[in-house]
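One structure is given here, and the rest of the page talks about it.
Taken together, the values in this text are just the output of simple stated rules run on the coordinates, not laboratory data. Quantities reported herein were computed from a predicted structural model and do not represent experimental measurements. Quick reminder, even Gly has a Cβ in these numbers, built from the backbone with ideal geometry, and neighbours come from all protein chains shown.
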Amino acid sequence: MIFGASGDLTARKLVPALYNLALQHLLPASFAVIGSARRAVTEDAFRTELHDAVAEFSRTRPINEEVWATFARSIHYVPTPDDSGFDELSRVLARIDGEIGANGNRLFYLATPPAAYEPIIRAIGAHDLRGATGWSRVVVEKPYGHDLESAMHLTSVIQEVFREDEVFRIDHYLGKETVQNILVLRFANSIFEPIWTRQYVDHVQITAAESIGIEERAGYYDSAGAMRDIVQNHLLQLLALVAMEPPSAFDDRSVRDEKVKVLRALRRIAPEEVGELTVRGQYGPGFIGGERVVGYGQETGVAPSSPTETYVALKCFIDNWRWEGTPFYIRTGKRLPKRSTEIAIRFRLAPHRIFTREASEGVDANELVLRIQPDEGISLTFGAKVPVQGLRIRSVNMDFGYGESFMVDAPDSYETLILDALRGDATLFTRRDEVEQQWAFVDPILAGWHAGRQELATYAAGTWGPEPAETLLARDGRTWRRP
Ligand code: BG6
């Protein structure tokens, strides 16, 4: 059941993901999709819209018409402009359930703007949309709340209708193959874990750079900003995966227990500290790929004086045995020169230098870079002897690329996550306490910004962010990587 069936997410992500699952024969035999939104539209028209969306947004193209035709027969639409719509929905659910023999198993997907979450959850409860038999689960999209208080409130509303183990809070980053591979790299190999500590790691940099602006999302973005849009969820999840202790098993409880421990150990940045430990920026006009683009304040739907940040950089610490004193620098921004998400583990320099300064001129510390996207892969830099007489050392690169090694297209993160939700595996979804810890970290920073303790710095679109972001690292004698 998809609520918000007329929206962008349904067209761009959910239905293309379902279609691709159908293409790979990964959907159960007794399966139907029921879309719902306010507007009235016939089932045929709805299917045609979705067909066109899949043709445009599916990762596999062109669309396989035969597979689509079979899949499309399982798609239905029920408008819910008001309360009576939910009675009809309840009847349709029961009818289709009987027809396909779904045993009352139901997955509700909230793909609406967040303001509609509460009324829909309540309607699911009031109109008995949960099946009388089988399982019911709810997938909740981000943003999950606007701050800690609203996130806790949302959880309490959801818990009137669903148990915590039935709630699947989605963070689509966790569905990315390369994000899951962070755990595989760390815990399926024995050579990395012993050096994954404060003794060997000098610092960690986590970057989520985007070249796109805010596209047509001013309404949402201007009240969210980069902190709520990316840092609170995607970046803190990456940080948790990189920094967590080894879980005892790869299951939802063990993995999420370890992530939440790290999030709890993440040192809070008090409002008085935001001047020293945080940077917020906003893009001005500039050039992306040679094309002139407008500044944030000139985007459609944004007030010229909007104080919303489109760039954030933070210096964080994790107060535990493994990481005490090791800085984690994280940054994200829109309208940066290129799209690149990566995690760089920078190791300490060799403790004692036996080669001359001239021989090792320009040699850097070892660095392990996990490239999340694009150009997914992992690389390790180390010093090697240049093959000439005499001793000269240069940094070289050992590189693993997903594309070359596996020669297959990775599934889209929504395919992975929808399938996991259908199977009832919540490992790659965010638990209530994780979300709360994430907000508990972000809220005091936002409070410091709102109290005017950190100025909004501007950067030209197409550059690597505002000047103070460079200073944040330069003060520690470090620089940001250029992805
Ligand atoms: C979304 C944000 O969660 O993630 C967007 O709302 C952002 O602003 C997007 O562009 C980035 O996701 P991806 O998968 O394209 O890196």
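Before moving on, here are some points about what is shown:
- Annotation: the antiparallel percentage among DSSP beta bridges lying fully within the chain is about 60.
- Within region 434-479, the trypsin sites (Lys or Arg not before Pro) that combine a DSSP coil assignment with at most 13 other C-beta atoms in a 10 angstrom radius are 475.
- Cα-Cα separations in the chain greater than 46 Å, expressed as whole percent: 14 percent
- Of the GluC sites (Glu not before Pro) found in region 55-94, not one falls in a DSSP loop while having at most 16 other beta-carbon atoms within 10 Å.
- Listed peptides 354-363, 228-237 appear in the order 228-237, 354-363 once ranked by packing, highest mean of other Cβ atoms within 10 Å at the front.
- Per residue of the chain, the DSSP helices (runs of n ≥ 4 H) give a summed -39500 (n - 2.57) that works out to -10000 deg cm²/dmol at 222 nm.
- Highest mean packing first, where packing is the average number of other Cβ atoms within 10 Å per residue, the peptides 392-400, 141-149 line up as 141-149, 392-400.
- Using C-alpha pairs under 8 Å with a sequence gap of at least 6, the mean separation divided by the residue count of the chain gives a relative contact order of 18 percent.
- The smallest convex shape that holds all Cα atoms of region 94-138, its convex hull, gives 69 Å³ per residue.
- The loop-placed GluC sites (Glu not before Pro) in region 421-483, going by DSSP, that have at most 16 neighbouring Cβ atoms within 10 Å of their Cβ come out as 455.
- Cα-based helix-to-principal-axis angle, 177-187 vs the chain, degrees rounded to 10: 60 degrees
- Evaluating kT/(6 pi eta Rh) at 20 °C and 1.002 mPa s, with the Kirkwood radius of region 1-159 over Cα pairs in the Stokes-Einstein relation, gives 132 µm² s⁻¹.
- Prolate/oblate/rounded label for region 376-483 (Cα gyration tensor, a/c 1.5): oblate
- For region 292-325 versus region 415-483, the gap between their alpha-carbon centres in whole angstrom: 7 Å
- Between 0 and 90°, nearest 10: helix 432-450 axis offset from the chain longest Cα axis: 60 degrees
- Take the Cα of residue 200, step 7 Å toward its Cβ, do the same at residue 478, and the gap between the two points is 1.8 nm.
- Residue pairs, from the table 315/385; 338/385; 259/315; 176/259, whose Cα atoms sit over 23 Å apart: 315/385; 338/385
- Considering only Cα atoms, the convex hull volume of region 272-318 works out to 116 Å³ per residue.
- Distance from region 244-267 to region 6-34 (C-alpha centre basis), Å: 31 Å
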